[in-house]
1. Within the stretch 46-60, how many residues are in contact with a Lys or Arg (Cβ under 9 Å, 6 or more places away or on another chain) and open to solvent by 50 Å² or more (accessible area, probe 1.4 Å)?
2. Report the residue count in the stretch 129-148 for those that are open to solvent by 60 Å² or more (accessible area, probe 1.4 Å) and under 18 Å from the mean Cα position of the chain (by Cα).
3. Report yes if some residue within the stretch 103-113 is without any contact (Cβ under 8 Å) to a residue 40 or more places away in the chain, farther than 28 Å from THR159 by Cβ, open to solvent by less than 20 Å² (accessible area, probe 1.4 Å) and not acidic (Asp, Glu); otherwise report no.
4. Going by the conditions given, is SER124 surrounded by 16 or more Cβ atoms within 10 Å (Cβ to Cβ), closer than 22 Å to THR159 by Cβ and of a type outside the set (Phe, Trp, Tyr)?
5. Residues in the stretch 96-109: is at least one assigned to a loop (DSSP other than H, G, I, E, B), at pLDDT 95 or above and hydroxyl-bearing (Ser, Thr, Tyr)?
6. Just give me the residues in the stretch 21-45 being loosely packed, with under 15 Cβ neighbours inside 10 Å and closer than 18 Å to ASN192 by Cα, in sequence order.
7. Between LYS189, LYS169, which is modelled with pLDDT of 95 or more, touching a Ser or Thr at 6+ places or on another chain (Cβ under 9 Å), open to solvent by 70 Å² or more (accessible area, probe 1.4 Å) and among the basic types (Lys, Arg)?
Amino acid sequence: MIILIAPEKDVEHEVKILHQLFEAGLTHYHLRKPFKGYEEHSAYLNAIDEQYHNRIVVHYFHELLNEFNLKGVHLQEQSRIDLKNRLNEYVESFRSKGKTVSSSFHEPQVLEQCKETFDYHLLSPVFSSISKTGYEGRGFDVNHIDRTIIGMGGINESTIEETLKLGFKGIGVLGGVWNAENPLESFNKIKNVFNVSVHS
C-alpha cells in the first residue's frame, strides 16, 4: 500500500499532477490541507475528476463525506485523543457506511496499546523527513505488532526496502513525490521499487 499525502501548501498545477498520479495507479490520497477551510476543501475536491473521489481520504472536515463519495477519513493524533470514550462510536459511524478509518501515531507503544484497530495506522518518522526540517528519523521496528502499519517520514525509493524490513506493510510519501522535479516520474519509481521489494 502506497499512501500519498497532499502538500500542505498548494503546488503549481497540483490537481493536474494529481490526475496523472491517479492514472498511474495511486489508490490512497490523503487530503491534508491544514490551511484550507471547508469551502476550500470542497472546491479542491470539485476540481478533481469524480471517478477518483473513492481514492481520497480526508484529514479535516470529515463531514465532507456527506457531500462527496470519498474513500474514508483520517484521525490526526490529537483528534483521536480528544475523542476519548467516543472513539469507537465515531469510527463505527464511518465503517458502517463502508468507509476506511485510519489514524496517525508517533510512538509504536501507543499504537500497540490503542484499543481501537484502524484500517491502517500511520507511524512517523521512520527516517528523517524530506518535507519537514529537523524531523529526525527513529527507525522504528514494528515486526512484533500485528497491525497494518504504514511507515512515514523520509520515504523515497532508496529507503523503501529498509522500511519493509522493519515490519511496515506500506509506505506514506509526501516530500519524496511533491518535492521532486517531476512528481509523476518520482511516484512511478517509488511504486516500482515498492512492488519489487514487496515480492522479493
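The values are calculated or read from the model by the stated rules, or taken from the named source; none is laboratory data. Everything quoted here is computed from the prediction, not taken from an experiment. Don't worry about glycine lacking a Cβ; one is built from the backbone with ideal geometry, like all the others, and counts go over all protein chains shown. Heavy atoms of the whole protein, side chains included, go into the accessibility calculation; ligands, DNA and RNA do not. Shrake-Rupley method; radii C 1.70, N 1.55, O 1.52, S 1.80 Å.
1. 3
2. 3
3. There is no residue in the stretch 103-113 that is without any contact (Cβ under 8 Å) to a residue 40 or more places away in the chain, farther than 28 Å from THR159 by Cβ, open to solvent by less than 20 Å² (accessible area, probe 1.4 Å) and not acidic (Asp, Glu).
4. The answer is yes for SER124.
5. Checked the stretch 96-109: at least one residue is assigned to a loop (DSSP other than H, G, I, E, B), at pLDDT 95 or above and hydroxyl-bearing (Ser, Thr, Tyr).
6. GLU23, ALA24, GLY25, THR27
7. LYS169
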